[in-house]
1. How many nm is it between the label spots at ALA193 and SER224, if each spot is 7 Å from the Cα in line with the beta carbon?
2. With axes computed from alpha carbons, what is the tilt in degrees of helix 266-281 against the longest principal axis of the chain, rounded to the nearest 10 within 0 to 90?
3. To the nearest Å, what is the center-to-center distance of region 117-144 and region 36-78, using C-alpha atoms only?
4. Efficiency by 1/(1 + (r/R0)^6): what FRET value for ALA122 and ALA20, r their Cβ-Cβ distance, R0 = 51 Å, to the nearest 0.05?
5. Among ARG168, ARG31, what is the fewest-to-most ranking by other Cβ atoms within 10 Å?
6. Kindly express, to the nearest 10 degrees and within the range 0 to 90, the angle between helix 12-24's C-alpha long axis and the longest C-alpha principal axis of the chain.
7. Rounded to the nearest angstrom and ordered from largest down, what semi-axes does the equivalent ellipsoid of region 102-221 get from its C-alpha gyration tensor (root of 5λ)?
8. Taking the Cβ-Cβ separation of GLU45 and ARG280 as r and a Förster radius of 45 Å, what is the calculated FRET efficiency to the nearest 0.05?
Amino acid sequence: MGLRVLLVDDDAAAGAKRAADLAASGHEVLRAQTLGDAAEVLMREQVDSIVCSDTLRAEVEHAYAAILPVVPASALLAKTLARLAKRSISPTVQLSIAAQLETALADATLALEPVVDLRDGAVRAHRGALLTPSLTAEQLADIAADLGRTLELRRAVRGLAVAAIERRASGRLLLDCSLEDLLDPPLYDESSAWGACARSILLCIAERDVLALAEADARDRLRSLRAIGFGIVSRVGTDIAGLTSVGVVVPTYALLDVGAFGDAGPVVTRVVASVVAACREASVEVIAEVATPEQASCARDTGCALAVGAGIAPGPRA
């Protein structure tokens with residue numbers, strides 16, 4: 001199901017074409033040419049997202065990014081809006097699941113999982129994941145998406161990460177960074193508590209989220225994050241062609257899910273080795289995500305630097 005989108009574009013001709021393209025993609029489009037026009041529309045209409053021209057982007061983000069996803073018109077709109085789309089649900093169900101979301105967020109903590117050096121078993125960092133007593137992280141993400149409150153959820157995760165770092169519970173922290181995060185201006189606020197923790201945070205970005213943005217926009221955003229001090233981790237998929245995103249992200253590490261390649265064995269070992277070798281050619285070390293001891297052995301045998309997951313435990317190797 002499409003979104004209800006407010007298109008803010010000061011170029012009438014370009015705006016008309018963008019509106020037509022968005023409507024053809026199944027979205028309901030409202031129009032505004034200025035920030036004032038946008039304010040009037042938002043006073044009387046409910047919208048799911050704002051798309052804005054590059055010339056108005058700074059103004060629109062400053063005014064509305066705290067409450068609505070703001071997507072630059074230079075982004076790959078079809079992909080970006082599809083990732084932001086939420087399912088249509090009744091008001092009664094909305095109230096019920098909103099209560100679940102608020103209760104879960106009030107009780108949420110950040111679970112810390114060790115990121116282990118495969119050479120000596122030392123813990124080099126921790127991966128942070130949202131943990132609540134009542135809902136899994138996946139259920140919480142689905143509910144937030146249903147309600148159009150994904151941005152609120154992502155900011156809550158970042159707040160818990162800052163708290164963990166400030167109380168020195170984690171050392172360096174590996175944290176997922178979603179498309180919603182990348183489009184959120186406070187992510188780039190180096191004067192905030194979040195920005196002050198930048199050198200202690202590794203942001204893990206999925207290839208699909210990088211590709212949802214125009215390449216120049218993705219490069220600019222990631223360059224800004226690196227300049228603030230964040231380390232960048234690129235989540236690499238099973239398709240070696242996906243390694244092209246490494247060139248855009250310029251990561252400190254690549255995160256590779258060994259289990260995604262199939263059951264451990266000689267064929268999987270060869271494929272993983274080829275991905276690790278390609279990352280090394282780009283001067284990028286690999287963090288292996290391992291669910292079993294067999295996958296951890298594969299990660300060691302193929303030259304991965306670090307590992308995270310149930311298949312690895314900290315401590316010196318036997």
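Here, each number is a calculation from the coordinates, and none is a lab measurement. What you see is a predicted model; the values in this text were computed from it and never measured. Cβ placement follows ideal geometry from the backbone for every residue including glycine, while neighbour counts extend to all protein chains displayed.
1. Result: 2.2 nm between the two label points.
2. 70
3. Answer, in whole Å: 32.
4. After rounding, the FRET efficiency stands at 0.35.
5. Taking fewest neighbouring Cβ atoms as first place, the list is ARG168, ARG31.
6. Approximately 60 degrees, to the nearest ten.
7. The equivalent ellipsoid of region 102-221 has semi-axes of 22, 20, 15 Å.
8. 0.30
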